[in-house]
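The values are calculated or read from the model by the stated rules, or taken from the named source; none is laboratory data. Quick caveat: nothing in here was measured; it's all calculated off a predicted structure. Neighbour counts are summed over all protein chains in view; Cβ atoms, including those assigned to glycine, are modelled from backbone coordinates with ideal geometry.
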Amino acid sequence: MDLSFLFVILWITPCAGAAISLVPRRGVEIVASLIAAAFSVVISLVLLILHVSGTFGYFYSDGLTRIMAVTIASIYLTSVAYSIFYIKRIKEPFIRFRLYYFLLDLFAFTMLVAVTVNDIGIIWLAVEATTVTSALLIALERKRTSIESAWRYTLIASSGLAISLLGVILVYFSQGSLVISTLIGEPLKNTIIMAIAVGFALVGYGTKAGIAPMHAWLPDAHSEAPSPISAMFSGVLIPTAIYAFIRIFHLLQGTPIIFEEIRNLVMGFGIFTVLIACIIIGYQKDYKRMLAYSSMENMGVILIGFSLGGIGALGAIIQIVSHAFAKSSAFYESGNILVEYGTTKMTDAQGVIGRLKVTGYLFILSCLSVTGAPPFGVFLGEFLILSQAVRTGNLILASLLAFAYIYAFIGLNRQAIQLIFGKSKTGEDPIRDVSMQTSHSVDNADNDGNKSKAVLKNRHENRISIIIPLVNLAVSLVIGIYMFPTFLQATTGWNP
């Protein structure tokens, strides 16, 4: 049975949502984008459940493709839903909200194309298109810093992708084809040229993925973009760039000597990224930049996992999915904090628990999740990657990874605890500060009980802003629990 129509629907759905979003009717863009995102999730889940694999004309599907498609569609849906709450607070947007949803739909479309198309050249075009569709989204809040970040992102990412284009050209020069299914089934004709192509792809796509030292755009773009867009950047955009690199990197697997050398190079970039990010995390004064560096650290770990292969590659896939849901949850919660406090500076937003109790606890849990606390999925992914490093005799790499895991865990969670439970800027207890700030809205009655009720009512949190990050965090937890037998097998050899 020809299942290519499923991929066609997967591509058309966000495009249709984008087109309808331009209809000049109030609220149409929200409904259209929500329906498009929901259909994308359904279709991607069908592909996953039916184990649709192989070549379908212009489409290619394997396990990694299906998992990436589900992850992209899911974060697309939750970001559209969270946008309903978040963007209405922006008084003077850089672009109209109608155009925001239009670009958001196209942004998701370009990523879905990148992970399902059967051509390395079109993958490059799709990844480049993600830059075009997302640049204006960074500048939505019309701040000088956000506009500068959008320009920096466009210039650096496009420059990096120009380098990866050289890698794509060299693949064609070596093999005479860019079709993935053809490249996988043919022996390499020129291993030296292919090795150079992988090197170009590593630098080029590594720039888009935030791999050090090409990561300069990432902290600024993540911190300045609206929180729903930060969630998509961190959760699915940079993993999509990793996916594009992996498709070229794995073409070298048939040449053991060359592949081993290139693999060491990839691991070198990965561990360098992890170490740089884990050290920087603990010194951030901006909670969104802190989360951005955490994403950078996770991408380095994922790159190492794929380069190690075996259960390391399985760990990388688990980490991609778990990190996407946990980190998007953290960025949604950071959006709640930003809406309440109007700043991303930690010193100005301390004592969150006093104003946003549920958000505060969810933010702590999300930070624990993205830093590898059990039983969340990121813990399992990091453990499998570390285990593979030990099994393959890369003991120095394993030691550095273990150090980075611990350092990042302590650094990020120490900052998060200070943000949520620390004293407010006035030095008072956060709950008492809230009572003082809201006292002007309470009648001058002497009844303390009435005052307490008024304060509690003032601190009520928007349901959408709570439910969406809660669902994503729960998915990360479910992944960790569902894959627990894999953890047991890796540690004890027990096969349930």
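Quick notes on this one:
- Single match in 303, 291, 314 (criterion: farther than 15 Å from residue 212 by Cβ, modelled with pLDDT of 95 or more and assigned to a helix (DSSP H, G or I)): 291
Conditions (1) farther than 27 Å from residue 335 by Cβ; (2) modelled with pLDDT of 95 or more; (3) in contact with a Leu (Cβ under 8 Å, 6 or more places away or on another chain), marked per residue:
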position: 367; (1), (2), (3): no, yes, yes
position: 371; (1), (2), (3): no, yes, yes
position: 436; (1), (2), (3): no, no, no
position: 449; (1), (2), (3): yes, no, no
position: 459; (1), (2), (3): no, no, yes
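- Qualifying residues in the range 354-387 (those that are part of a helix (DSSP H, G or I), of a type in the set (Val, Ile, Thr) and surrounded by 20 or more Cβ atoms within 10 Å (Cβ to Cβ)) - the one nearest to the chain's Cα centre (by Cα): 370
- Filter result for the condition that a residue is within 19 Å of the chain's Cα centre (by Cα) and over 19 Å from residue 117 (Cβ atoms), over 234, 159: 234
- Residue within the range 236-251 that is modelled with pLDDT under 95 and not in a helix (DSSP H, G or I) present: no
- Count of the range 77-116 residues which are closer than 30 Å to residue 251 by Cβ and either free of Cβ contacts under 8 Å to residues at least 60 places away in the same chain or not β-branched (Val, Ile, Thr) (or both): 8
- Test for residue 140: is it buried (at least 22 other Cβ atoms within 10 Å of the Cβ), assigned to a loop (DSSP other than H, G, I, E, B) and either of a type in the set (Gly, Ala, Ser) or out of contact with any strand residue (DSSP E or B) (no Cβ under 7 Å at 6 or more places or on another chain) (or both): yes
- Being aliphatic (A, V, I, L, M), closer than 30 Å to residue 57 by Cβ and either in contact (Cβ under 8 Å) with a residue 40 or more places away in the chain or in contact with a Lys or Arg (Cβ under 9 Å, 6 or more places away or on another chain) (or both) holds for only one residue in 140, 161, and it is 161.
- When the range 40-72 is filtered for residues that are closer than 14 Å to residue 105 by Cα and touching a Pro at 6+ places or on another chain (Cβ under 9 Å), the ones remaining, listed by number, are 40, 72.
- Flag for residue 148 being part of a helix (DSSP H, G or I), out of contact with any Gly (no Cβ under 9 Å at 6 or more places or on another chain) and surrounded by fewer than 23 Cβ atoms within 10 Å (Cβ to Cβ): yes
- Residue count for the range 221-279 satisfying the condition of being of a type in the set (S, T, N, Q) and crowded, with 24+ Cβ neighbours inside 10 Å: 5.
- Exclusive hit being of a type in the set (Gly, Ala, Ser), closer than 30 Å to residue 369 by Cα, in a helix (DSSP H, G or I) and touching an Asp or Glu at 6+ places or on another chain (Cβ under 8 Å), set 223, 230: 223
- Scan the range 192-216 for residues that are under 15 Å from the mean Cα position of the chain (by Cα) and over 14 Å from residue 244 (Cβ atoms) and the total you get is 1.
- On inspection, residue 272 fails the criterion of being more than 26 Å from residue 107 (Cβ to Cβ) and free of Cβ contacts under 8 Å to residues at least 12 places away in the same chain.
- Each residue in the range 193-218 was checked for being under 24 Å from residue 112 (Cα atoms) and either not in a helix (DSSP H, G or I) or not hydrophobic (A, V, I, L, M, F, W, C) (or both), and 8 of them qualify.
- Which listed residue is part of a helix (DSSP H, G or I), over 19 Å from residue 275 (Cα atoms) and free of Cβ contacts under 8 Å to residues at least 60 places away in the same chain, from 340, 333: 340
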